[in-house]
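For reference, the structure is listed below as C-alpha cells.
Bear in mind that the values in this text are calculations on the coordinates, not laboratory data. A quick note: this is a predicted structure, and the numbers were derived from the prediction, not measured. Using ideal geometry, Cβ is built from the backbone for each residue, glycine included, and neighbour counts are taken over all protein chains shown.
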Protein chains: 2
Amino acid sequence: MARTDEDIASSTYRIFNYYLEYINQERETIRVLLSPNGDPYFFDKIKQIIDQLFTNKLTELNGHFSDKLPISYSMELSITNLLNIVRHWLNSPDPESPDELAEILMQSRLLAPRDLLVFD
Amino acid sequence: MARTDEDIASSTYRIFNYYLEYINQERETIRVLLSPNGDPYFFDKIKQIIDQLFTNKLTELNGHFSDKLPISYSMELSITNLLNIVRHWLNSPDPESPDELAEILMQSRLLAPRDLLVFD
C-alpha cells in the first residue's frame, strides 16, 4: 500500500511521542548513562536498537535509503541525528516537554545543516 | 563584505580538507580515543573546539543560526552532524580518502534527514 507523506509524518510523530514519554520518565538515569561518567557502551547499544526499529519501520513503509550519500553514512546520520537531539534535550537545564521535543524532532527531519544557518 | 554561496562553499571545503588530512594522519589514535574504550571526555572536548572554530567562521562570514529550531539545537546538530560523519569514517574498515570524505561532508550540508530516505 502506498503511503502519503502525511501518513509517514503522523506515524513518525506517534513513534517519537511514545518513546519520548518513556525517556522523560527515566530522564535522569538515561542522562547519566549517556554522560562521560556513564556507560561508554550505552550510546552504541541504543544506536543498535534504534537502527533496528528504524529499519523495521522503513520496510513497513516501503522505504529505503537514497543514494545521495553512501548508504552507511545515510544510516549513521539518520540515527545519530535523532540521538544527538535527544541527548541534548536530556542535558538541558530547562528542557522542553516531550510533546515540544517531538515537534523539534519532526522539524529537524526537514532541515539540512545548511538550512540552520543564515548569511547576511 | 557579502559572500556568495560559492565563496562559502569553497571556504568550507578547504577547511574540511585541511582537518581531514590531519585526522587521517592520526587516524588510529583518534579512532581509539573516540571509541568506548577511549577517553569518555574526548568527544566533548572536540565538540568544544569545533564549536569555537564554527562560531569564529560564522562570524567571519557574517552568518548566524536561523530560528527554524531553538538555537541551541541548531548548534548541537551542526557540530555533532560533522563529528558523527568523521567518527563513522574513522571506524570504517575500508575508508574513503580525505578528499572523498570532504565531498561527502559537503554533500551532507545540503541534505535533511528526510532527503536520505525514499518511499516507493
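Observations on the model:
- A point 7 Å from Cα along Cα→Cβ stands in for B:Gln25, and the other copies hold the same point at 5.3 nm, listed in rising order.
- Virtual spin-label span in nm between B:Ile71 and A:Ser72, 7 Å along Cα→Cβ: 3.8
- Convex hull (Cα only) mean projected area of region B:5-110, reported in nm² to one decimal: 7.1
- Inter-copy separations for A:Leu110, label at 7 Å along Cα-Cβ, nm, ascending: 2.1
- Of all chain B residues, the closest to the B-onto-A rotation axis by Cβ, with that distance in whole Å, is B:Ala112, 2.
- Subset of A:Lys47/B:Lys68; B:Lys47/B:Lys68; A:Lys45/B:Lys68; A:Lys57/B:Lys45; A:Lys47/B:Lys45; A:Lys47/B:Lys57 violating a 24 Å alpha-carbon distance limit: A:Lys47/B:Lys68; A:Lys45/B:Lys68; A:Lys57/B:Lys45; A:Lys47/B:Lys57
- Across chain A, Cα pairs under 8 Å and at least six residues apart give a relative contact order of 38 percent.
- Each copy carries a label point for B:Asp51 at 7 Å from Cα toward Cβ; from one copy, the others' points are 2.8 nm away, ordered from shortest.
- For region A:59-67, the Karplus equation 6.51 cos²θ - 1.76 cosθ + 1.60, evaluated at θ = phi - 60°, returns couplings of 5, 4, 8, 6, x, 8, 6, 6, 9 Hz by residue, with Gly and Pro reported as x.
- Separation of alpha-carbon centers, region B:24-71 and region A:57-120, rounded to whole Å: 18
- All alpha carbon pair distances within the protein assembly as shown were sorted into 10 Å bins beginning at 0; the resulting P(r) in whole percents reads 6, 30, 37, 22, 4, 0.
- Cα→Cβ-extended label distance, 7 Å offset, between B:Asp115 and B:Val32, nm: 3.8
- The magnitude of the dipole of chain A, with charges of +1 and -1 set on the Cβ of Lys/Arg and Asp/Glu and taken from the Cα centre, is near 360 debye.
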